[in-house]
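Presented below is the structure to which this report refers.
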Amino acid sequence: MAVKKEEKEIQDQTFKISIKTFFAVGASLVLLVGEYIVLQSDIEEAKRLPEITEPTITRIELDLKNQILLEKFEEIEKDIEKINQDIKEVKRKIYNL
């Protein structure tokens, strides 16, 4: 069989790689393999961890938290009223000067 000229040229071509490129490819492969191993160990560790369950809030806890929030809101309302009174007093003093 006769080999065509184009096929002969392709077969005669040589592949050159520098040492720098060879080490760069090797280092990349080592890094990828290392990351894969670390990832696999993290997955195994995660499998051994206990499952996270949703915390259950009892009605008593909810009522107590609501009560605390309402008390805080009342305190804030009182503080705002006091600040408003202070502002009115300061305005009166300013205008009376």
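Between [x] -0.64, -0.80, -1.25; [y] -0.93, -0.99, -1.14; [z] -0.72, -0.82, -1.17, which matches log10 I(q)/I(0) by the Debye sum over Cα atoms at q = 0.15, 0.17, 0.23 Å⁻¹ calculated for the structure shown? Derived directly from the coordinates: [y]. Of the peptides 58-67, 11-20, the ranking by mean beta-carbon count within 10 Å, highest at the top, reads 58-67, 11-20.
Rounded to the nearest 20 debye, the dipole size of the chain about its Cα centre is 580 debye, using +1 on the Cβ of Lys and Arg and -1 on the Cβ of Asp and Glu.
Converting phi to 3J(HN,Hα) with the Karplus coefficients 6.51, -1.76 and 1.60 and the offset θ = phi - 60°, the range 82-90 yields 4, 5, 4, 5, 4, 5, 4, 5, 5 Hz in sequence order, with x at every glycine or proline. Ordering Ile19, Ile52, Val33 by the projection of their Cα atoms onto the charge dipole of the chain, which places +1 on the Cβ of Lys and Arg and -1 on the Cβ of Asp and Glu, puts Ile19 at the extreme positive end. Protein heavy-atom accessible surface, 1.4 Å probe, per residue over the range 13-65: 104 Å².
A Förster radius of 41 Å combined with the Cβ-Cβ distance from Glu9 to Leu32 puts the calculated FRET efficiency at roughly 0.70. With each label modelled as a point 7 angstrom along the Cα→C-beta vector, the Ile43-Arg92 pair spans 7.6 nm. Counting only protein heavy atoms and using a 1.4 Å probe, what share of the accessible area of the chain belongs to carbon plus sulfur, as a whole percent? Reported share for carbon and sulfur atoms: 62 percent.
Backbone phi angles across the range 53-60, fed through the Karplus curve with coefficients 6.51, -1.76 and 1.60 (θ = phi - 60°), yield HN-Hα couplings of 9, 5, x, 9, 9, 7, 5, 5 Hz in residue order; Gly and Pro are listed as x.
The values are calculated or read from the model by the stated rules, or taken from the named source; none is laboratory data. Model, not experiment: these values are computed from the prediction. Every residue, glycine as well, gets a Cβ built from its backbone with ideal geometry; the counts of neighbours run over all protein chains shown. Keep in mind that these areas ignore ligands, DNA and RNA; they rest on the heavy atoms of the full protein, side chains included. Shrake-Rupley method; radii C 1.70, N 1.55, O 1.52, S 1.80 Å.
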